[in-house]
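The values are calculated or read from the model by the stated rules, or taken from the named source; none is laboratory data. If you're wondering where the values come from, they're calculated on a predicted model, not measured in any experiment. Counting neighbours? That spans all protein chains shown, and the Cβs are built from the backbone with ideal geometry, glycine included.
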Amino acid sequence: MSSDSKPLQSSVGINEVVQTLRDGGLVTFPTETVYGLGADAKNPEAIKKIFSAKGRPLRHPFIVHLAAPDKFDQSQIDWVALLAPWVSDLSEDTIKLVNTFWPGPLTLVLKKDQSVLNELTGGQNTVAIRAPAHPITQELLRKFKGGIVAPSANRFGKASPTSAADVRHEFEGMLDLMVLDGGDCEVGIESTIIDLSSGDKAALLRPGARTPGEILSKTGVKVYLPGDIKSIGVDNQTSSDTPKGIW
Ligand code: AMP
Ligand code: MG
């Protein structure tokens with residue numbers, strides 16, 4: 001960048017980001033996986049702005065991010081109460097997965113509550129949901145007091161950003177987005193997505209930081225390839241062969 005040009009995106013604090021979300025604007029913020037481009041999950045107009053900012057195909061569904069309550073002992077968190085406003089059905093397997101892996105890089109696709117906006121689910125009767133572990137994301141979500149939809153903060157088809165500098169570069173000259181700088185993302189790849197909406201078998205929709213092998217060994221829940229009857233073994237899926245997301 002030349003010395004007389006200014007960055008289009010400014011670094012900001014959490015309170016400004018919360019206010020922008022409440023005003024129906026878009027913000028970018030760190031998570032432990034990648035940087036997200038966020039909007040209020042209850043504001044259809046704000047959600048529509050994400051499609052144009054990313055150049056993302058319409059009806060491509062988003063993940064809702066929820067706050068983990070600030071408890072010294074994370075094992076005491078009541079995830080069922082937290083999920084209740086968003087989902088219509090919680091199986092035993094779902095509860096095992098959230099109790100073991102949340103907050104963290106695991107997204108679950110569940111039957112949605114009727115109040116969840118079609119704009120964010122792409123008109124499906126399911127919703128993808130996770131509680132991120134990054135302390136800044138958690139503070140942001142707690143202060144916002146609501147769900148935030150947040151795909152990765154990149155244009156459609158580009159690699160997901162893992163630093164504030166990546167985000168600034170991605171939208172430079174196009175959009176004046178707030179960038180909440182939380183340093184480099186620790187995980188650096190997208191969350192694993194597991195579909196539990198059938199109420200029967202857990203299906204892997206996207207590989208990521210949590211592997212089917214780890215899920216099986218820690219919870220006893222088998223994760224299947226979609227449309228496949230064979231479960232994925234403990235050793236044949238590692239995070240090192242996970243592709244970087246391009247959504
Ligand atoms: P991104 O937000 O770009 O990291 O990606 C979101 C991913 O979650 C996409 O691959 C979506 O297809 C997937 N996803 C979100 N909501 C749903 C849903 N209701 N059912 C199935 N997949 C979903
Ligand atoms: Mg993405």
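A few points about this structure:
- Some residue of segment 78-94 being within 16 Å of ligand 2 (Cβ to nearest atom) and surrounded by fewer than 16 Cβ atoms within 10 Å (Cβ to Cβ): no
- Options LYS222, LYS218, LYS143; residue that is basic (Lys, Arg), farther than 28 Å from LYS71 by Cα, surrounded by fewer than 18 Cβ atoms within 10 Å (Cβ to Cβ) and at pLDDT 95 or above: LYS222
- Within segment 146-174, considering residues that are away from ligand 2 (no atom under 15 Å from the Cβ) and part of a helix (DSSP H, G or I), the one surrounded by the fewest Cβ atoms within 10 Å (Cβ to Cβ): ALA165
- Residue, modelled with the lowest pLDDT, within segment 79-103, restricted to residues that are of a type in the set (Val, Ile, Thr) and in a helix (DSSP H, G or I): VAL80
- Answer residue from segment 104-140, given it is assigned to a helix (DSSP H, G or I) and of a type in the set (D, E, K, R) and is surrounded by the most Cβ atoms within 10 Å (Cβ to Cβ) among those: GLU119
- Inter-residue pairs, beta-carbon under 7 Å, first of a type in the set (Val, Ile, Thr) and in segment 157-168, second within 12 Å of ligand 2 (Cβ to nearest atom) and in a loop (DSSP other than H, G, I, E, B), 6+ apart: THR162/VAL34; THR162/TYR35; VAL167/TYR35; VAL167/ALA153; VAL167/PRO161
- Within segment 39-51, residues that are without any contact (Cβ under 8 Å) to a residue 24 or more places away in the chain reach partners that are surrounded by fewer than 17 Cβ atoms within 10 Å (Cβ to Cβ) with beta carbons closer than 6 Å, at six or more positions or on different chains, in the pairs ASN43/GLY24; GLU45/GLY24; PHE51/LEU58.
- Among the residues of segment 175-223, those that are of a type in the set (S, T, N, Q) and either assigned to a loop (DSSP other than H, G, I, E, B) or in contact with a strand residue (DSSP E or B) (Cβ under 6 Å, 6 or more places away or on another chain) (or both) comprise SER191, THR192, SER197, SER198, THR211.
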